[in-house]
């Protein structure tokens with residue numbers, strides 16, 4: 001019925017203005033939806049294309065955090081690595097336990113994080129249950145500042161051991177871990193070197 005009416009309007013002798021008015025009235029919602037979808041796709045493509053490639057990606061997972069410190073830490077890491085933010089960038093994200101845990105898990109599973117600093121509570125839930133590199137700092141297998149996984153392997157170290165993190169209230173009493181699926185471990189090792197620490201990532205025996 002609608003198609004018949006549509007055909008009749010187009011074949012009628014009504015002025016072009018009336019025909020266009022009918023077409024707009026009949027199709028306006030379809031057109032608006034198409035425009036909205038296309039605009040969203042274009043926006044997402046531009047956002048992805050314009051976003052610099054990650055040089056180093058750090059996540060902070062805890063119960064509370066000073067959001068202002070996120071940008072400060074990002075700026076300090078950018079300066080430390082000598083990254084200008086044009087083609088490559090340093091990313092730091094603060095996530096709160098509970099509210100943003102799902103986002104944290106999704107990014108972590110995708111191997112996006114090079115270094116994760118987490119609260120001791122979060123370490124018990126995510127860090128000690130597998131998925132983190134076994135660490136050796138300054139060639140020592142036994143340090144008081146190590147945090148152990150369920151098998152007794154050192155997979156974390158107190159965040160305060162890095163002078164870089166001093167002064168950030170969010171990072172107090174936190175634990176540094178390195179995910180096994182991290183893609184840029186060489187830069188994490190470089191970060192430790194800038195802090196006067198020798199970091200070795202131990203490959204588990206098969």
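The values are calculated or read from the model by the stated rules, or taken from the named source; none is laboratory data. Source: prediction; values computed, not measured. Cβ sites come from the backbone with ideal geometry, for glycine too, and all protein chains shown count toward neighbours.
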(message) Given (1) free of Cβ contacts under 8 Å to residues at least 12 places away in the same chain; (2) under 25 Å from residue 79 (Cα atoms), identify the lone condition not met by residue 188.
(response) (1)
(message) Could you check region 72-95 and list, in sequence order, the residues that are surrounded by fewer than 17 Cβ atoms within 10 Å (Cβ to Cβ) and within 15 Å of the chain's Cα centre (by Cα)?
(response) 88
(message) Suppose the filter is outside any loop (DSSP other than H, G, I, E, B), at pLDDT 85 or above and within 23 Å of residue 156 (Cα to Cα); does residue 112 pass it?
(response) no
(message) Can you pull out every residue in region 116-150 that is under 28 Å from residue 78 (Cα atoms) and either free of Cβ contacts under 8 Å to residues at least 24 places away in the same chain or not assigned by TED's automatic domain parsing to the domain that holds residue 78 (or both)?
(response) 145, 146
(message) Just to be sure before I move on: is residue 66 under 14 Å from the mean Cα position of the chain (by Cα), within 16 Å of residue 174 (Cβ to Cβ), assigned by TED's automatic domain parsing to the domain that holds residue 173 and surrounded by fewer than 19 Cβ atoms within 10 Å (Cβ to Cβ) in the structure I sent?
(response) no
(message) Looking at (1) under 23 Å from residue 98 (Cα atoms); (2) in contact with a strand residue (DSSP E or B) (Cβ under 6 Å, 6 or more places away or on another chain); (3) not in a loop (DSSP other than H, G, I, E, B), which one does residue 125 not meet, given that it meets all the others?
(response) (2)
(message) Return the pair list, or none, for Cβ contacts closer than 6 Å from residues in region 151-168 that are over 18 Å from residue 132 (Cα atoms) to residues that are in a helix (DSSP H, G or I), at least 6 apart or on different chains.
(response) 165/159; 165/171; 168/69
(request) Counting only residues that are closer than 26 Å to residue 71 by Cα, give me the strands (runs of 3 or more DSSP E) lying completely in region 147-206 with at least 2 of them. (result) 154-158, 174-177
(request) Only residues that are in contact with a helix residue (DSSP H, G or I) (Cβ under 7 Å, 6 or more places away or on another chain) and farther than 15 Å from residue 184 by Cα: list them for region 77-92, please. (result) 80, 85
